[in-house]
Amino acid sequence: MRKFIIEDKNPLIPFNEPACELSILNKPLKLHHADILEEVVGPCSLEEPLETVHDLPRVAPEGGEMVVYRDNLYFDTEFFREFFEHARASHLPSQAVLPAEDDAWLKYAVPLSRLRPITDRHGRPLYYPLDLWYFPNGYVEPKQWIEVPIRSDCKEIGYYNVPDSMSNLSPSLEEGAVGGRELDLTHLLTLRSCLSIDSWAHVYFANVILGVFSRGRRFEKLITEHNLVALRLLVQSVLEQKQVLSCSRVVEVGEGTVIDPSATIIGPTTIGRGCYIGPGVVIDNSVIGDHVNVAQGCQLMLSVVGNNCFLPFRAALFMSTLMEYSIVAQNTCLQMCVVGRNSFVGAGTTFTDFNLLPATLRTLDYEGHLSDTGHPVLGGCVGHNARLGSGLVIMPGRVIESDVVLFASPERRVINRNITYEESDHHKVRASVARLHKRRYPRTVGEGTEDLYLEEW
């Protein structure tokens with residue numbers, strides 16, 4: 001088996017680096033791919049990178065069995081296994097596609113992305129092709145490919161309800177009644193997950209909704225359908241004198257990690273090596289990396305915290321992702337957010353997620369334009385190496401570019417628009433101090449990216 005990777009070099013806003021370098025479930029996406037392929041396919045050699053799949057005849061004219069994928073494509077083990085087993089069994093060149101009637105793909109994978117549908121003669125979408133192929137005997141022309149549709153087998157889960165007074169929906173069905181957002185805010189939890197990471201929102205979806213949230217759904221399905229697994233879980237909890245969802249079969253803890261007895265940890269949760277979990281901490285269905293310090297009173301729910309992060313007392317993360325070497329200071333609240341690596345969020349800063357107006361939110365898509373997310377709740381995003389002062393309020397869907405420094409002031413305490421590096425507050429201080437903050441993630445110049453940022457933001 002040979003493995004070929006199509007490199008996607010487009011920098012993702014606001015991180016200013018390709019998607020393959022970003023952390024998904026506390027692992028760079030390119031390593032995430034490598035681990036999945038080794039688990040499903042077995043050891044395979046990495047070949048010369050491609051620009052498109054049509055470069056294969058030049059790079060590998062000798063043919064052979066091969067897998068090809070674009071490196072900004074997120075897929076989990078279940079998704080890739082489903083595709084690979086079906087494709088290999090067919091003995092035909094195959095391309096993975098997302099069926100257009102699958103609600104999860106329409107809600108998470110299609111908005112803000114570069115995916116484009118194949119339609120029927122009436123213009124109705126049939127499926128969305130993915131940059132994921134299997135060739136049993138080397139490259140062949142596209143007309144010989146077969147489509148392998150992969151369904152998510154999603155299940156709708158409600159997580160809160162919006163009262164009539166906030167939804168702008170009339171409880172009556174009178175003619176002419178004004179519509180608004182849906183009353184029930186739900187998510188679709190998948191058994192198989194995949195999306196093209198073309199926006200920061202896809203990083204959020206991959207980590208949280210299609211990551212730890214879907215992992216919880218698979219765990220629930222496992223213990224519901226397999227009595228022996230449920231029995232072993234019960235026996236383990238009795239032996240350890242813990243609640244069922246807190247025993248070692250559900251909560252994985254790495255070597256050298258210290259957990260205060262008063263902390264509450266609910267699985268499925270993974271905690272890395274050399275961590276410290278302080279008094280009164282509550283962790284629910286999350287992924288914690290290595291050497292993470294979660295201090296007294298912090299709360300983490302459906303979140304991912306990268307290696308070497310620090311959360312001082314009473315920091316709260318709800319459905320959020322914190323990449324490696326970042327700090328979220330005390331009394332902060334992050335809701336449905338993504339924070340890049342080596343960034344700092346000051347004390348008392350709040351990321352909001354609920355749109356106060358009865359409309360879905362817009363954020364930056366793969367081209368850098370504001371597009372409808374299709375979601376009434378969504379937090380914000382902070383790039384790499386950013387510094388946010390204390391007491392800021394970030395409105396839903398806003399993004400702050402890598403290397404930005406923001407001071408809370410009467411003129412700019414509420415961040416209600418996207419912030420570029422040119423608008424960073426460190427430019428306002430004297431030059432001898434400003435130069436101490438190094439720009440580590442500049443935009444790509446020469447491909448239109450510079451103009452795109454300034455035009456749209």
Residue check for I277: under 26 Å from Y441 (Cα atoms) and at pLDDT 95 or above
no
Taking only segment 99-151 into account, find how many residues are over 21 Å from the mean Cα position of the chain (by Cα), surrounded by 19 or more Cβ atoms within 10 Å (Cβ to Cβ) and assigned to a strand (DSSP E or B).
5
Report every pair of residues separated by at least 6 positions or lying on different chains whose Cβ atoms are under 8 Å apart, first residue within segment 79-98 and free of Cβ contacts under 8 Å to residues at least 60 places away in the same chain and under 15 Å from G64 (Cα atoms), second aromatic (F, W, Y) and assigned to a helix (DSSP H, G or I).
S94/F83
When the residues of segment 341-362 are narrowed to those that are β-branched (V, I, T) and in a loop (DSSP other than H, G, I, E, B), which ends up farthest from the chain's Cα centre (by Cα)?
T349
Does segment 181-188 contain any residue that is modelled with pLDDT under 95, in contact with a strand residue (DSSP E or B) (Cβ under 9 Å, 6 or more places away or on another chain) and buried (at least 18 other Cβ atoms within 10 Å of the Cβ)?
yes
Does S262 satisfy being of a type in the set (S, T, Y) and either buried (at least 18 other Cβ atoms within 10 Å of the Cβ) or under 28 Å from D8 (Cβ atoms) (or both)?
no
Could you identify the single residue in L56, L25, L37 that is touching a strand residue (DSSP E or B) at 6+ places or on another chain (Cβ under 8 Å) and in a loop (DSSP other than H, G, I, E, B)?
L25
Filter the strands (runs of 3 or more DSSP E) completely within segment 211-275 down to those with at least 1 residues that are assigned by TED's automatic domain parsing to the domain that holds Q296 and acidic (D, E).
251-253
Regarding segment 67-87, can at least one residue be identified that is within 15 Å of G138 (Cα to Cα) and in contact with a Ser or Thr (Cβ under 6 Å, 6 or more places away or on another chain)?
yes
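The values are calculated or read from the model by the stated rules, or taken from the named source; none is laboratory data. These numbers come from a predicted model, not from an experiment. So basically every Cβ, Gly included, is an ideal-geometry build from the backbone, and we count neighbours across all protein chains shown.
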